[in-house]
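Only one structure is covered here, and it is reproduced in the block below.
The values are calculated or read from the model by the stated rules, or taken from the named source; none is laboratory data. Keep in mind that this is a model prediction, so the values were computed, not measured. Here the Cβ positions follow ideal geometry from the backbone for every residue, glycine too, while neighbour counts run over all protein chains shown. Just so you know, the surface numbers come from the protein's heavy atoms only, side chains and all, with ligands and any DNA or RNA stripped out. Shrake-Rupley method; radii C 1.70, N 1.55, O 1.52, S 1.80 Å.
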Protein chains: 2
Amino acid sequence: MKTRITELFGIEYPIIAGGMVWCSGWKLASAVSNAGGLGLIGAGSMTAEVLQEHIVQCKEATRGLPFGVNVPLMKPNSAELMEVIAQEKVPVVFTSAGSPKKWTSWLHERGIKVAHVVASSTFARKCEETGVDAVVAEGFEAGGHNGKEETTTMCLIPAARKATSLPLIAAGGIASGEAMLAVRALGAEGVQIGTLFALTQESGAHEAFKRRCLDLNEGDTKLLLRKLSPTRLVKGGFYNAIEEAENRGASPEELLDIIGIGKTKVGIFDGDIENGELEIGQVASLLKGNDIEPVATVMQRLVLEYEQALASLQ
Amino acid sequence: MKTRITELFGIEYPIIAGGMVWCSGWKLASAVSNAGGLGLIGAGSMTAEVLQEHIVQCKEATRGLPFGVNVPLMKPNSAELMEVIAQEKVPVVFTSAGSPKKWTSWLHERGIKVAHVVASSTFARKCEETGVDAVVAEGFEAGGHNGKEETTTMCLIPAARKATSLPLIAAGGIASGEAMLAVRALGAEGVQIGTLFALTQESGAHEAFKRRCLDLNEGDTKLLLRKLSPTRLVKGGFYNAIEEAENRGASPEELLDIIGIGKTKVGIFDGDIENGELEIGQVASLLKGNDIEPVATVMQRLVLEYEQALASLQ
């Protein structure tokens, strides 16, 4: 399982845990790094002070192993977050939701490796121009915010592979070693996994959220909010209100009103699965009935499944 | 490349050409069968008389090699189509868009093998109960009519694999040997390919349709018509009219009015790419800039890519 991704980040397995709001604190990030992957702290829901705390704890828990921080660039406090990251000498940053142009050289000057998340081959190509070290191509299956093109992982990875010669990480719909092997066949050299890690013991999400997500059927997550920013949501009260409004042709303004503020915290962190905004990947339905497991168990299974799937092809 | 699918149908490669309206006449079906795959005649746009003609020509062109017919079961003339199929002793039928319960034993009694197309693991399980010989699981990426769950190939194939022990064929987003290998890693034993074959020389589609589909960017096909029957369409005048209506909350009745009758013929067969209904898979954007090639070239490339991708994993 040695690829340019394991080499770039100095990790054992080319498995990255996506930085997810309310899920990816220091506990999840350090558990993944300690199990041989690359854990990311998700700064999307954090102030600079909170992020600093998580970084300090993560360093203590990982004792020199690499970890990273995900920074959604459209966040108003992204500059403050970057300052904390540089000050704390975090080795890796994953940027998303914005252009990596502004920050890549700034991070490189500080010795920090940069990967950027895209949902199209056009942006994969642009990434290469800005000098990032790796590209994450995330398909339509992924939870939360998503690309306007709705390109699935099966179609996106070969397109991104054609568009860039950079080390390529696949995301969206990957929750097993078999899926890791599948995206490797499509040209990826590593995977970013969200859903599977969001539902582990070390994830910061509320247990009610985890249990709801481990009980989903096919079709229980859908991409909505195409008039604002396409987002994959779990069915429930919040979802129903948006779907009903969209079906009657609601304007972007009306939709913003329904969404309100802070609803991902209500759903994912506080565990109000009826009124909160629940974001998870489509692949959750493949995990139906699973326990809420520790990260170490999940990582061992991924590696074993991958090796077995590879052997069965040979 | 020997699997239960090659064995079941008596073919060299586990590659099936989907039976597509206006594309899959005897020329395309026989070319795929003659190249070692299984060609299907798409009866969805045919009367019983027209289907009989195509079967007779296909038999002549294939000289004893296996081929099949795809029958969408919601078609009002499906019983007549089945009679012709039985009379002409067609060896294989792929059923779709309906329950295979009614026809499976009828076809089996006449020595005809049956595969059924599904878009969810629930229906894959039901298939097994009706006694079909193989299941086709078709993901969200696929062109034309699609499942309500919007499950992508990456998530659907493992789910279908869990749900049934029957020989499993993957469809949706597959247009390369690398993608064939990817779905094999996910548990499929064969592939059904639509888009790639719809755009070959032997496809019955109009050249203007083929050229338009070989010039698409990511995001240029989308799933619309969720209020009626979800359908993946190519952007253009017909698409825009539907999208505009859906954005303002149009009712199913209004949408039916806009769709009208016979618009796939206008778009795909007559080649009016502005006013006609254009159906193609999301994977078309990966073929951008390709020539309109003969089937034999496409089949050789698929096999070569598959073997190279497998070797590179080893």
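Out of segment A:254-295, which residues are among the aliphatic types (A, V, I, L, M) and touching a strand residue (DSSP E or B) at 6+ places or on another chain (Cβ under 6 Å)? Of everything in segment A:254-295, those that are among the aliphatic types (A, V, I, L, M) and touching a strand residue (DSSP E or B) at 6+ places or on another chain (Cβ under 6 Å) turn out to be A:278, A:280.
If you filter segment B:213-256 down to residues that are more than 8 Å from chain A (Cβ to nearest Cβ) and among the small types (Gly, Ala, Ser), you find that the one that is least open to solvent (accessible area, probe 1.4 Å) is B:245. Screening B:271, B:289, B:260, B:267 for residues that are exposed (fewer than 14 other Cβ atoms within 10 Å of the Cβ) and away from chain A (no Cβ under 14 Å) leaves exactly one candidate, B:260.
Table: residues versus (1) more than 18 Å from the chain's Cα centre (by Cα); (2) part of a helix (DSSP H, G or I); (3) in contact (Cβ under 8 Å) with a residue 60 or more places away in the chain.
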| position | (1), (2), (3) |
| --- | --- |
| A:265 | no, yes, yes |
| A:278 | no, no, yes |
| A:284 | no, yes, yes |
| A:305 | yes, yes, yes |
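Reported count of residues in segment A:97-136, each being within 15 Å of residue A:166 (Cα to Cα) and not in a loop (DSSP other than H, G, I, E, B), is 20.
Restricting segment B:105-143 to residues that are crowded, with 24+ Cβ neighbours inside 10 Å and touching a Lys or Arg at 6+ places or on another chain (Cβ under 7 Å), the residue that is farthest from the other protein chains (Cβ to nearest Cβ) is B:143. Only one entry in B:97, B:17, B:31 is under 28 Å from residue B:278 (Cα atoms), touching a Pro at 6+ places or on another chain (Cβ under 9 Å) and either buried (at least 24 other Cβ atoms within 10 Å of the Cβ) or acidic (Asp, Glu) (or both), namely B:31. Figure legend. Inter-residue proximity from segment A:229-256: first residues without any contact (Cβ under 8 Å) to a residue 60 or more places away in the chain, second residues assigned to a helix (DSSP H, G or I) and among the basic types (Lys, Arg), beta-carbon distance below 7 Å, spacing 6+ or different chains. Indicated pairs: A:234/A:212; A:238/A:263. The test for being out of contact with any strand residue (DSSP E or B) (no Cβ under 9 Å at 6 or more places or on another chain), open to solvent by less than 20 Å² (accessible area, probe 1.4 Å) and modelled with pLDDT of 95 or more does not hold for residue A:310.
Being under 15 Å from the mean Cα position of the chain (by Cα) and assigned to a strand (DSSP E or B) is a description that does not apply to residue A:142. Among the residues of segment B:148-174, just one is among the aliphatic types (A, V, I, L, M), within 9 Å of chain A (Cβ to nearest Cβ) and touching a residue at least 60 places away in the same chain (Cβ under 8 Å), namely B:174.
Table: residues versus (1) over 20 Å from residue A:262 (Cβ atoms); (2) touching a residue at least 12 places away in the same chain (Cβ under 8 Å); (3) out of contact with any helix residue (DSSP H, G or I) (no Cβ under 9 Å at 6 or more places or on another chain); (4) not aromatic (Phe, Trp, Tyr).
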position: A:35; (1), (2), (3), (4): yes, yes, no, yes
position: A:38; (1), (2), (3), (4): yes, yes, no, yes
position: A:42; (1), (2), (3), (4): no, yes, no, yes
position: A:50; (1), (2), (3), (4): no, no, no, yes
position: A:56; (1), (2), (3), (4): yes, yes, no, yes
position: A:82; (1), (2), (3), (4): yes, yes, no, yes
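Selection over segment B:175-206 of residues that are of a type in the set (S, T, N, Q), buried (at least 24 other Cβ atoms within 10 Å of the Cβ) and at the interface with chain A (Cβ under 9 Å from one of its Cβ atoms) gives a count of 0.
In segment A:26-96, counting only helices (runs of 4 or more DSSP H) that sit wholly within it, the ones holding 1 or more residues that are over 19 Å from the mean Cα position of the chain (by Cα) and among the hydroxyl-bearing types (Ser, Thr, Tyr) span A:48-62. Taking every residue in segment A:131-144 that is of a type in the set (Val, Ile, Thr) and pairing it with any residue that is assigned to a loop (DSSP other than H, G, I, E, B), at least 6 positions away or on another chain, the pairs with Cβ-Cβ distances below 6 Å are A:132/A:100; A:135/A:164; A:135/A:166. Selection within segment A:165-174: residues that are among the aliphatic types (A, V, I, L, M) and crowded, with 24+ Cβ neighbours inside 10 Å. The member of this set that is nearest to the chain's Cα centre (by Cα) is A:171.
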